Structure formats: C-alpha cells, structure tokens
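Written below as structure tokens is the structure these notes are about.
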Amino acid sequence: MFVNFFYELKRTGVPVSLTEWMTLMEALSKGLAFSSLSGFYYVARAVLVKSETHFDSYDLAFQNYFKGIETPADVVEQALEWLKNEIPPLLISPGERKMFQDWDLDKLRRELEEKLKTQDGEHHGGHNWIGTGGRARFGHGGYNPAGVRLDGQSVNHSAVKVAGERRYRGYRSDETLGVRQFEVALRKLRQLTSRNEGIKDELDLDGTVDATCKNAGWLKLVWDRSRKNNLKVVLMMDSGGSMNPYIDLCSKLFTAVNRASHFKDLKFYYFHNCFYDDLYLHPFCTSESAVKTYDVLHNLNSEYRLIIVGDASMAPSELTMTGGSIDWNIINNEPGLVWLERVVRHFKHAVWLNPIPEQWWDVNVNYAAHTINLVRKLFPMFELTLDGLELAIKRLKVKF
C-alpha cells in the first residue's frame, strides 16, 4: 500500500526505513488514520519522520504524491449511506445531506446568483445568507459539509493543502542559518580541539597509578595534555558587490561570531571578491581599515582554522590577471589565484562557505560558475547551510 509514496519520501531526502514503513502499515490496519487523508498525513509523519529537520521534505513528498486527489461523488454518497444512522443531527442535517446528492456546478452558480440578488448587506453567522462564521452554503469561516468557500481562509484544511503550505520549511537542515543556528554551529567547532595538540602539562592520576603498579611500585609519573580549549579560528568574509543579497545572512554571522566566547582566539577579516595585498577590519573595505595580508599570515600561525565566507562570483580577471581587480583603489601586482594559493599553503585547515546553493555552482551566470570552480580547486567548498557547515567542520579536522 502506497509503495510509491515510500520511494517519493526517499527521493525527497526523508530517511525512512522499511521497519518504520511496516510500522505505518500496522497503524493503518488498526484504523489510526481514521480513513482520512488528513489522518494519514499526521500518522505517517509521526511514524516515518525522526527529526523536524525533515518535516519540510516530508511535506514536499506528500504534496507530490497526493496532489490532485479528489473524493469521487459516489464515495460521498456511499459514506453518507454508511453514516445515515450514526451522524448526530447537529453535524449534518437531512437538508445538508441532500446538498451532497444535488451537487451540480451549474445549479450552484444559479443558487449563488439568486442569493446575491436578494441579499442586501453583510451577514455573519446563521445558515441562509452569504456570510462568515455560519452554516450557510456560501461564505467562509464557518462550517457546512457541502459548502463553497468564497474568499477568506480555509479553516478545515485538507491534508494536501496542509502539506502544500510547507509550514516547516524553517526547520530544514539545508536552510541558510540565523544567529542562533550560527552560534550553535560555531560551538561545534570545539569538537576540533584534540588532546593530541599542545604540551603535556597535566598529571594523569589514573595513568600514574597504573604505570607505578606496572613498575613494581616505583613511582612513574604520567603526564597528559590538558582539556583546555586551544582552538583558534580566523574568519574571512566577502563584503559588497554580489554579496549584497546575502548581507542579512552575513550580519547574522557577524553577530554570532561576536558573541562567541569558547575559542582561545578568533579573528575576522573582510575582503571584496578576492583578497590581494590587503585585508580589511571593516566590511566597507576602506583603506583606513586595511591590514597587509602578509602581516596577517605572519601573525597567525598555521594551526588557525580558516573559514572563508563568500560567493566566489567575480570577473575572471580578478583571479587570473595582474591589475584585474575591479576596485579603483586596488592595483594588484599578482593575480588573485596567487594570493589564494598563498593562503592555502599557510593554513593547514581551511574551508570555503558559499551562500549560493550548490545546485547553481555550475550554472554559468555572469561567469559565476567559472570563478566558483576555480576557487573550488583550491578550497573545499560547502553551502552556507546547517548541513554544509556540519560537513565543513568535519573537513576542518583534516589537514591539506
């Protein structure tokens, strides 16, 4: 049952297993979906989706698979026949049952025209006139099992409609980050601190006892590296030009970085498109805030983890030509690629985070694909999303 829905879930990235699928089949056999598409939507999501980060992918799969499904008229008549003696009069009156049987588009149009001819004002509540909040056949905000909504918002949403709204888009792990997510993600960089780094300056009591026992009671001191956080990070951000559409995202990153207090040292610099002789301490990249790139490399040792944030979209000349910089106040005596290679050689750990979705990296818009791929040959590049940052953190554990 619904086997193709299982494959649609897999296609959209929901990690559903056969065990979970069989659990869903068991739930359906026990009637937990109450024979309704809305019930199936919620039961299937509860059973198949293990994390809210996959809710949006689930909604996409549900919408793709069930879109266009309508309840045939004979099913409605059959359901009314089944429930004829079970439905309380307050829910569906005999007159409302007749509305289902008489469902005809032309007839509905004529009925609406007659209502409009005789109604002379607003009407709220009630069961006859066009209005809101009542049980009339035409209007919105009320309830009529055979009603026609005019304007307004749907109250009793269908499952496909709910899925189509994609309410959980913000929970996706491949969405771009906000301040809070940036802070959480930056904390994960602490995982990179290793006990294999630094001097052994802390007495290992357990190791000392064990070594002394093995040494026939003669004291043998064992030293270990302390658990102090020795992680040092340098963040370089592209500013201005093609990065302007991502200014809000970079602003959030800047806020998160400034709040960070769990690194031994954290530096950040700015550049425009590509860095040459100078980096900048201010996002406006003015000469007043310029610092020599050579000085930065000299003052930061190779153990700093380098994170570069930029769209890598620029004129090819900025990477491949001397004097190729498009900034009037910059005359680069060396191509941008030379400086990028110089930085790569200096830092043992480096990644590039790109706010452009990966699916567009090979789409040649204004030479973007060409320059992006030139940069990707030098730096491991990841999307500026939660998933991308997770992969970047793992990559920062590996030296070039």
Grab the beta carbon distance between K397 and S29, set R0 = 41 Å, and tell me the FRET efficiency rounded to 0.05. 0.30
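Counting other Cβ atoms within 10 Å, which chymotrypsin sites (Phe, Trp or Tyr not before Pro) in segment 207-257 have at most 12 and lie in a DSSP loop?
Filter output for segment 207-257: W218.
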Let me see the P(r) profile for segment 280-400: every Cα-Cα distance counted, bins of 5 Å, each bin given as a percent of all pairs. 2, 10, 18, 21, 23, 17, 8, 1
Neighbour-count ranking [beta-carbon atoms within 10 angstrom, fewest first] of S38, S57: S38, S57
What does the charge count around C250 come to, taking other residues whose C-beta lies under 12 Å from its C-beta (Lys +1, Arg +1, Asp -1, Glu -1)? -2
What distance in nm lies between label points placed 7 Å from Cα along the C-beta direction at D295 and E114? 8.8 nm
Cα-Cα longer than 22 Å, checked against K267/K394; K264/K397; K232/K397; K267/K292; K50/K252, kept in input order, equals K50/K252
Which FRET efficiency value, to the nearest 0.05, do you get for T320 and R342 by plugging their Cβ-Cβ distance into 1/(1 + (r/R0)^6) with R0 = 22 Å? 0.90
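Read the figures in this text as sums done on the coordinates, not as results from a lab. Note that the coordinates shown come from a computational prediction; the quantities given were computed from them, not determined experimentally. Here Cβ is always computed from backbone atoms with ideal geometry, including for glycine, and neighbour counts include all displayed protein chains.
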